[in-house]
Amino acid sequence: MEELEYEFEHTLEDGRVARLAMLSGHFYSNSDITAGYAEGIEPDIIYLSLVRGDDVTLLFLRPDEAQAVVHVLSGAMTAYLVDCIEADDAIDNLLDSGNGRVAG
């Protein structure tokens, strides 16, 4: 495994310094979402950064906590997509009922 270049440092309230290596990110016109390794603040070894304008949220996570974040966001997205599909079906059924086509 090649050695990582830690790009950022962040000092925690307790004085520990986290060295951060960004491994993944999504960049939008008004916000950035990045994640990567955090070194020096074990057992937290992963960071998640959410930046929107001047608002910055930086989370340091253990691997199990990072997986929990993925899990709950996945559940929320699944519910959202199911709602979208159900809403489209409801609209299609409503439209189909008025034009002589069989709904369903």
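When segment 38-90 is filtered for residues that are among the hydrophobic types (A, V, I, L, M, F, W, C) and farther than 30 Å from Tyr6 by Cβ, the ones remaining, listed by number, are Ala76, Met77, Ala79, Leu81, Val82, Cys84, Ile85, Ala87, Ala90.
If you filter segment 6-34 down to residues that are of a type in the set (Gly, Ala, Ser) and assigned to a strand (DSSP E or B), you find that the one that is nearest to Leu58 (Cα to Cα) is Ala18.
Residue-wise test of (1) surrounded by 14 or more Cβ atoms within 10 Å (Cβ to Cβ); (2) small (Gly, Ala, Ser).
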position: Gly40; (1), (2): yes, yes
position: Asp44; (1), (2): yes, no
position: Ser49; (1), (2): yes, yes
position: Pro63; (1), (2): no, no
position: Gln67; (1), (2): no, no
position: Met77; (1), (2): no, no
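Based on this model, can you work out whether Asp32 counts as surrounded by 10 or more Cβ atoms within 10 Å (Cβ to Cβ) and touching a residue at least 12 places away in the same chain (Cβ under 8 Å)? Spelling it out, Asp32 is indeed surrounded by 10 or more Cβ atoms within 10 Å (Cβ to Cβ) and touching a residue at least 12 places away in the same chain (Cβ under 8 Å).
List pairs: first residue in segment 7-20 and closer than 12 Å to Glu42 by Cβ and surrounded by 13 or more Cβ atoms within 10 Å (Cβ to Cβ), second residue of a type in the set (Gly, Ala, Ser) and at pLDDT 95 or above anywhere in the structure, Cβ distance under 6 angstrom, at least six positions apart or on different chains. Filtered contacts from segment 7-20: Ala18/Ala38; Ala18/Gly40; Arg19/Gly40.
The values are calculated or read from the model by the stated rules, or taken from the named source; none is laboratory data. Predicted model only: the values in this text are computed from it and were never measured. Neighbour counts are summed over all protein chains in view; Cβ atoms, including those assigned to glycine, are modelled from backbone coordinates with ideal geometry.
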